[in-house]
């Protein structure tokens with residue numbers, strides 16, 4: 001719902017003037033990071049792997065069910081930054097994890 005005090009912004013994608021609050025809400029929703037099951041992920045969450053993953057450059061495989069604690073979100077909503085005992089600088093795709 002808009003009021004007379006709302007600021008309007010020109011949306012180039014639709015070619016319409018839309019309330020700034022509506023544009024901001026749409027941008028926030030687009031930046032949500034979701035796991036394979038559709039759950040929203042935030043910094044500090046624990047996730048588990050839903051399939052075995054071969055790790056490039058490490059010569060090891062992370063097994064299904066491995067728990068990764070304390071994830072960090074990245075600029076890319078399809079990737080999370082993780083720490084694992086055997087692998088430094090691990091980045092996982094969100095399509096391969098499920099929130100615990």
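Tabulated results
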quantity	calculated
Correct option for Cα extents along the principal axes in Å [calculated from the coordinates] among (i) 58, 25, 20; (ii) 41, 30, 26; (iii) 63, 26, 20	(i)
Angle between the chain longest axis and helix 20-30 axis [Cα atoms, degrees, rounded to 10]	20
Helix-only CD estimate at 222 nm, as mean residue ellipticity for the chain, using -39500 (n - 2.57) per DSSP H run (n ≥ 4)	-3500 deg cm²/dmol
Highest-fluctuation residue, 34, 72, 18 considered, GNM on the chain with Cα pairs under 10 Å	18
Residue among 16, 78, 32 with the largest mean-square fluctuation in a Gaussian network model of the chain, springs linking Cα atoms under 10 Å	16
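The numbers here are math on the coordinates, done by the rules we state, and not lab data. Remember, it's a predicted structure, so these values are computed and weren't measured experimentally.
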